[in-house]
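Beneath this line is the structure, given in C-alpha cells, with notes to follow.
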Amino acid sequence: QFPFGRRLPCDIYWHGVSFHDNNIFSGQVNKFPGMMETVRKITLSRAMRTMQDLFPLEYNFYPRSWILPEELPLFVAEVRMMKDSHPSWKPTFIVKPDGGCQGDGIYLIKDPSDIRLTGSIQSRPAVVQEYICKPLLVDKLKFDIRLYVLLKSLEPLEIYIAKDGLSRFCTEPYQEPTLKNLHQVFMHLTNYSLNIHSGNFIHSASVNTGSKRTFSSILCRLSSRGADVKKLWSDIISLVIKTIIALTPELKVYYQSDIPAGKPGPTCFQILGFDILLMKNLKPVLLEVNANPSMRIEHEQELSPGVFENVPSPVDEEVKVAVIRDTLRLVDPQKKKRKDTQLGWVTPEVLPQLSPCAAVCCRCQSSGQAPGASEEVPDAAPGPEAALPSLCLKQVFPKYAKHFSYLRLVDRVAALFIRFLGVKGTTKLGPTGFRTFIRNCKLSNSNFSMAAVDILYIDITRRWNSMGIDHKESGMCLQAFVEAFFCLAQRKYKSRPLHEQVASLIELCECRLAALRGKRLVWGCG
C-alpha cells in the first residue's frame, strides 16, 4: 500500500475510488476514467433511455424513469394521462438522489405531488422511477442480487460475469406499497447498509440462510421449485451485456480524453457491481450499476456498548475473494513468463488485505513483457496458480457478440463524435467541429442550410448545458450530439423506425468519410 503514491512503475495499480487517484503512465489500472460519472443514476438513466428509444423491446429491463427537477412537469403530465386512460392504475414511484449511495435519501411516493420540493431537489438532482410492486419473494422477504462484472477491456469490448453473487434481503415481510407502509424502509429497500441497522438482521455463518446469502443458494432453491434457472441466467447475461453497450459510448469519450491515442498511458479494467431485482415472473430488472462495489469481507459486531470488532463474513468471503483473485489472474501481464515459484505471486490469503483506501501496486519480480500480452490462463501453470480453482469469471463478450452487435449504434455515433473533437483531451464538440462533421459527411443541402446547422447546434447545446452537465468545458457533449444525430436521421429518412434511420445515417457518414480519406491519400501520393 502506498497512501502517498509511488515513484517506481508497477504492473497493476489497484485504486480505491477512481482512475485519478494517482497519475499513472504505464501498466494497468483497475478503474476506467469517467466510470463514476457514467454510472451515476441520471447519466445511466439517460443512456438507457437513448437505447430504449432505439430498441424498446430489448431494453425493457430498466424501469421507466424521469429526471428531476428538469422533467418534473413531464412526469406530472404523463402520470396524469396514464391515470385518466387507466383509472384502475395505482402506481408507486421511487425517488433516488443522483449522487446517493447505500440507500441515502431514497423514498417512495404514490403521486407526483408527494415529491419533496424543497431546496434540496435543485441542489441535489434525482431520478424518479416506477417502483416494482411485485418482486420475487423468498421466505416472504424482498431481496435483490449484487452481481460482479469485470469490464476487462473497452476496445475491443471484453466482459466477464462472476458465476456467483450476493442476495441481500429486507428484514421485514414484504407487502405491496400502501400509504401506511410507504415509509417502512426495512420492507421496501434492500440496501445492506440500511437493513444492517434492523433488529431483525441475521448474520449467518451459512451461505444459505440469513439476511445476506449467495445468489447460487437462491438459484438452487428456485431450481428445486421447477424454475427455469438456465433461462434466468441467460436473461441476466443479456441484461449485463446490453447495459455495458449502453455505457461504452460515454466511457470512450472519457477514455480518449484521459488517455489520447498514440500517447503513453495505462490500460484499464474495472469490477462493477450490478444490482438486479427479480420480478415474480423471474424477469430480471436493473436497479443500478455501482462503480465501486464494496469488497469488504467482514462486518462489525458490537461486543459491548460502543465496543466493536470485525467478524469474518463467510458469504462475502466466498464470493468476493474469488472475484478479485480471478480478476488478477485474467489481467496478469506476466502469466506466460512464470517459470518457477520465486515470482511475486498474489495468493488468496493476500486478497482480503487489499484496502479500498489506498493505491495497491502488484508487481511481479520478472520483467520485459508488455501488459496484456497473454489472454489465457495456463491449465497447469507452475507454483500456486496450479492449485487455484477454476475461474469464477465467465466471459460473455465477445463470446456472445454476434447476438448483440446490432445494438452498438450509439457506439458508432460516438466514434464520429470523437473523430471531430479536434483537440485531444476534450470531451465537448465546438461549433467548428460540428460544421466540419456536416460538411465532410455532406449532410447540408438546399432544405438544410449551414445556417440551419448552426441553429440546431446552438439550440441543442444550450438546452443540454442548462441541465447543469459539466460546465468545465463549453460545447456539445456526447448526449447532445446523439440527439442532434437522431434529428438529422429523422429528417433524412422519414417513415422508418428510429433504429433504421440512425443505422442508415451512420452508414452514409462512414461511407462518405471513407471516400474522403481515400481522396486525401491519393492527393498525398500525388
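Would you mind calculating the gained length between ARG462 and ALA415 on full extension (0.36 nm times residue separation, minus the Cα-Cα distance), in nm to one decimal?
The ARG462-ALA415 span can extend by a further 14.7 nm.
What does the convex hull of the Cα atoms of the chain come to per residue, in Å³, rounded to a whole number?
Measuring per residue, one finds 199 Å³ for the Cα hull of the chain.
In cubic angstrom, how much convex hull volume per residue do the alpha carbon atoms of region 42-167 span?
It is 165 Å³ per residue.
Normalised by the residues of region 407-523, what does the relative contact order come to in percent, with Cα pairs under 8 Å and at least six apart? If you can, show how the numbers build up before the last one.
Numbers: 92 pairs, mean separation 33.5, N = 117.
Taking the mean separation of contacting Cα pairs over the length of region 407-523, I get 29 percent.
Provide the per-residue ³J(HN,Hα) series for region 136-150, in order, calculated from phi with Karplus coefficients 6.51, -1.76, 1.60 and θ = phi - 60°, each as a whole number of Hz, with x at glycine and proline positions.
5, 10, 10, 6, 6, 10, 6, 8, 10, 10, 9, 10, 9, 10, 9
Could you please put SER211, SER204 in sequence from largest to smallest accessible area, using a 1.4 Å probe? Intermediate results must be reported in sequence, preceding the final value.
Numbers: SER211 10, SER204 30 Å².
The most accessible residue leads, giving SER204, SER211.
Around LEU429, which amide H atoms from residues at least 5 apart in sequence, or from another chain, sit under 5 Å from its own amide H, with H modelled in the peptide plane?
Under 5 Å from the amide H of LEU429 lie the amide H atoms of MET476, CYS477, each far enough along the sequence or on another chain.
With each pseudo-label sitting 7 Å past Cα toward Cβ, what's the LEU179-GLU298 distance in nm, one decimal?
So the two model labels end up 4.9 nm from each other.
How large a share of the accessible area of region 135-333, in percent, is made up of carbon and sulfur atoms when the probe is 1.4 Å and the other protein chains stay in place?
Whole-percent figure for carbon plus sulfur exposure: 54.
How much of SER446 can a 1.4 Å solvent probe reach, expressed as accessible area in Å² and rounded to 10?
Surface open to solvent at SER446 totals about 110 Å².
Report ASP53's accessible area, 1.4 Å probe, all protein chains in place, as a number in Å² to the nearest 10.
Here the residue's solvent-accessible area equals roughly 90 Å².
MET279 accessible area, nearest 10 Å², 1.4 Å probe?
Roughly 50 Å² of MET279 is accessible to a 1.4 Å probe.
What number, rounded to the nearest 500 deg cm²/dmol, is the helix-based mean residue ellipticity at 222 nm of the chain, given -39500 (n - 2.57) per DSSP H run of at least four residues and division by all its residues? It would help to have the intermediate numbers written out before the result.
Working: 16 runs with 191 residues, N = 526.
Estimated from H runs of four or more residues: -11500 deg cm²/dmol.
If we restrict to alpha carbons, what Rg and Dmax does region 135-333 come to, in Å?
18.8, 60
Would you check region 407-523 for Lys pairs whose C-alpha atoms are within less than 21 Å, ignoring same-chain pairs closer than 8 in sequence, and give me the count?
Numbers: LYS424/LYS472; LYS428/LYS472; LYS442/LYS492; LYS442/LYS494; LYS442/LYS519.
Summing the qualifying lysine pairs gives 5.
Please list GLU71, GLU130 from largest to smallest accessible area, probe radius 1.4 Å, with all protein chains kept in place.
Correct descending sequence by accessible area is GLU130, GLU71.
Using Cα pairs under 8 angstrom and six or more residues apart, how large is the relative contact order of region 135-333, in percent?
With pairs under 8 Å counted, the relative contact order is 24 percent.
Taking a 22 Å limit on the Cα-Cα distance, which of the listed pairs LYS140/LYS212; LYS230/LYS252; LYS142/LYS242 fall beyond it?
Beyond 22 Å between Cα atoms: LYS230/LYS252; LYS142/LYS242.
Using square roots of five times the C-alpha gyration tensor eigenvalues, list the equivalent-ellipsoid semi-axes of region 407-523 in whole Å, biggest first.
22, 18, 15
For the chain, report the accessible area per residue in Å² (1.4 Å probe, heavy atoms, rounded to an integer).
That works out to 48 Å² for each residue.
Tell me, what % of the accessible area of region 407-523 is carbon and sulfur with a 1.4 angstrom probe?
Taking all protein chains in place, region 407-523 shows 56 percent carbon and sulfur surface.
Under 8 Å for C-alpha pairs, at least 6 residues apart: give me the relative contact order for the chain, rounded to a whole percent.
RCO, the chain: 17 percent.
Inverting the mean 1/r over all pairs of different Cα atoms, compute the Kirkwood radius of region 241-338 and quote it in Å.
Values: mean 1/r = 0.0570 Å⁻¹.
Result for region 241-338 stands at 17.5 Å.
Under a 1.4 angstrom probe, counting protein chains only, how are THR426, THR267 ranked by accessible area, largest first?
THR267, THR426
Just in region 1-100: which chymotrypsin sites (Phe, Trp or Tyr not before Pro) are loop by DSSP and have at most 11 other Cβ atoms within 10 Å? List each step's numbers first, then the result.
Details: sites: PHE4, TYR13, TRP14, PHE19, PHE25, TYR59, PHE61, TRP66, PHE75, TRP89, PHE93; in loops: PHE4, PHE25, TYR59, PHE61, TRP89.
Sites meeting the loop and neighbour criteria: PHE4, PHE25, TRP89.
The values are calculated or read from the model by the stated rules, or taken from the named source; none is laboratory data. For clarity, every value in this text was computed on a predicted model and none was experimentally measured. Methodologically, a virtual Cβ is constructed for each residue, glycine included, from the backbone with ideal geometry; neighbour enumeration extends over all protein chains shown. Ligands, DNA and RNA are stripped out before the accessible areas are found, and what is left, the full protein with its side chains, is counted by its heavy atoms. Shrake-Rupley method; radii C 1.70, N 1.55, O 1.52, S 1.80 Å.
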